[in-house]
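J.: Provided herewith is a single structure, encoded as structure tokens, for subsequent inquiry.
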Amino acid sequence: MHMDAAGEVLLERRGCAGVITLNRPKFLNALNLNMIRHIYPQLKNWEQDPETFLIIIKGAGGKAFCSGGDIRVISEAGRANQKIAQDFFREEYRLNNAIGSCQKPYVALIHGITMGGGVGVSVHGQFRVATEKSIFAMPETAIGLFPDVGGGYFLPRLQGKLGYFLALTGFRLKGRDVYAAGIATHFVDSEKLGMLEEDLIALKSPSKENIADVLEAYHTKSKIDQDKSFILEEHMDKINSCFSANTVEQIIENLQQDGSSFALEQLKVINKMSPTSLKITLRQLMEGSSKTLQEVLIMEYRLSQACMGGHDFHEGVRAVLIDKDQSPKWKPANLKEVTEEDLNSYFKSLASNDLKL
């Protein structure tokens, strides 16, 4: 077993598996550049190693799998114009891509809070196991960012317009709903998670099918909330019709016209978000719906760098994480001031600085 200098991520070979433990429980296992720089080469090594048959990733402390990227540090660096804001996103997205293309079965135990960057190191893997304590969200529009880490790839591929809804509102899914939404591939009672891990590690030269069988057996036995329907089930028709518009303005109009308490609740939420983020996000998902994961990550890298140079991300981090006054002053302050020209500039190629995958 080895760990990085600060012990922020543990990497160990156990039985037939390589096990990655995100180990910053005090910070809800938020992902920083140091952790990414340790995980990426190890993942590549295990992928090539004939003795490693699967890779398991989990979070320490029981409260969070990974609450996201360490955005406060990134904002400080971005404001000071340090290279870390370029490096962080570049290396994070390379890791997301490595997980998406990993030749070995990759099992993410998404127990507890799983948001933003935590979604990036789980959702692109082959197997994602949720528990009754899982909390999933992509809350980036509230901090002047966009649902990155490949959000433009996996969100538009969820049922109907669910991904568009989750991306624009930052709505939180909990427990079995994370599975019902298609974000997790399996659902297991949290108290059985340790046993599941041991059973996976004890497999002898397992195939992908053997691993799937173990996960399926645990999934089938899980009874928690088994009879509860998906929390958004009754609203899916509304979500599909309201969020199928091609502009944020039209989505807002659809919600107003719908007038149901659910629609008006979403309207309230959307009206608090960064207008620039909302427009970037809708276009990101619409474009991402027909792109490969690699193409999406290249697009998202361009967006990330434009956001670092813009106003809203730093203002969002200030309002939510630093001063915690929860009242960001967005610039531009409303949707109609975010022009097509502004939007196009976010999606522009960075030429030689584009992400290389």
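The values are calculated or read from the model by the stated rules, or taken from the named source; none is laboratory data. What you see is a predicted model, and the numbers here were worked out from it, not measured in a lab. Note: ideal-geometry Cβ built from the backbone for every residue, glycine included; neighbour counts use all protein chains shown. The accessibility values were calculated without ligands, DNA or RNA, using every heavy atom of the protein model including side chains. Shrake-Rupley method; radii C 1.70, N 1.55, O 1.52, S 1.80 Å.
J.: Students often get this wrong: which residues of region 232-261 have the backbone nitrogen under 13 Å from the point 7 angstrom along Cα-to-C-beta of Leu343?
T.: Of the residues in region 232-261, 245-252 have backbone N under 13 Å from the label point off Leu343.
J.: Still on this structure, please answer the following. Please list 88-97, 55-64, 237-246 highest first by mean number of surrounding beta-carbon atoms within 10 Å per residue.
T.: Values: 88-97: 23.0, 55-64: 21.0, 237-246: 17.1.
Per-residue Cβ counts within 10 Å, averaged per peptide and sorted highest first, yield 88-97, 55-64, 237-246.
J.: If you don't mind, there's one more thing I want to ask. Treat each spin label as a single point 7 Å out from the Cα along the C-beta direction, and report the Glu265 to Asp225 distance in nm.
T.: Distance between the two pseudo-spin positions: 1.5 nm.
J.: Moving on to the next point. Determine the share of the chain's accessible area contributed by carbon and sulfur atoms, expressed in whole percent, with a 1.4 angstrom probe. All intermediate terms of the calculation are to be shown ahead of the outcome.
T.: Working: 7550 of 15110 Å².
Heavy-atom surface of the chain belonging to carbon and sulfur, 1.4 Å probe: 50 percent.
J.: Let me spell out the model: positive unit charges on the Cβ of Lys and Arg, negative unit charges on the Cβ of Asp and Glu, origin at the Cα centre of the chain. What dipole size does that give, in debye rounded to 20?
T.: Dipole of the chain, to the nearest 20 debye: 460 debye.
J.: Based on the Cβ-Cβ distance of Thr247 and Lys329, what FRET efficiency does E = 1/(1 + (r/R0)^6) give at R0 = 30 Å, to the nearest 0.05?
T.: On the way: r = 24 Å, r/R0 = 0.79.
After rounding to 0.05, the efficiency reads 0.80.
J.: To the nearest 10 degrees, how steep is helix 84-100 against the longest Cα principal axis of the chain, on a 0 to 90 scale?
T.: Computed tilt is about 50 degrees.
J.: Taking the Cα centroid of region 233-268 and of region 116-143, what is the distance between the two, rounded to the nearest whole Å?
T.: Between the Cα centre of region 233-268 and that of region 116-143, the gap is 24 Å.
J.: Sticking with this structure for a sec: Write down the accessible area per residue of the chain in Å², having rolled a 1.4 Å probe over the full set of protein chains.
T.: 42 Å²
J.: Follow-up question, since we're still on this one. Per residue of region 231-245, in order, report the coupling 6.51 cos²θ - 1.76 cosθ + 1.60 (Karplus, θ = phi - 60°) as ³J(HN,Hα) in whole Hz, putting x for Gly and Pro.
T.: Along region 231-245, the couplings run 4, 9, 3, 5, 9, 4, 4, 4, 4, 4, 7, 5, 8, 8, 5 Hz.
J.: Which residue, chosen from Gly18, Ile110, Leu158, occupies the Cα position most advanced towards the positive end of the dipole of the chain, where the dipole is computed from +1 (Lys, Arg) and -1 (Asp, Glu) charges on Cβ about the Cα centre?
T.: Highest projection toward the positive end goes to Gly18.
J.: Quick one: which residues, 5+ away or cross-chain, put their amide H under 5 Å from the amide H of Ala64? H built at 1.01 Å from N.
T.: Here Ile113 satisfy the definition.
J.: Can I ask one more? Toward the positive end of the charge dipole of region 201-272, about the Cα centre and with charges on Cβ (Lys, Arg +1; Asp, Glu -1), which of Met236, Gln266, Ala217 goes farthest?
T.: Of the options given, the answer is Ala217.
J.: Step through the table entries Lys238/Lys279; Lys26/Lys174; Lys58/Lys279; Lys63/Lys161, compare each Cα-Cα distance with 28 Å, and write down the pairs that go over it.
T.: Lys58/Lys279; Lys63/Lys161
J.: For region 249-256, what does the Karplus curve 6.51 cos²θ - 1.76 cosθ + 1.60, with θ = phi - 60°, yield as ³J(HN,Hα) per residue in whole Hz, taken in order and with x for Gly and Pro?
T.: 4, 5, 4, 4, 4, 4, 5, 4
J.: Continuing with the same structure: With everything on Cα atoms, drop me the angle between helix 293-309 and the longest principal axis of the chain, reported from 0 to 90° to the nearest 10.
T.: Its long axis makes an angle of about 50 degrees.
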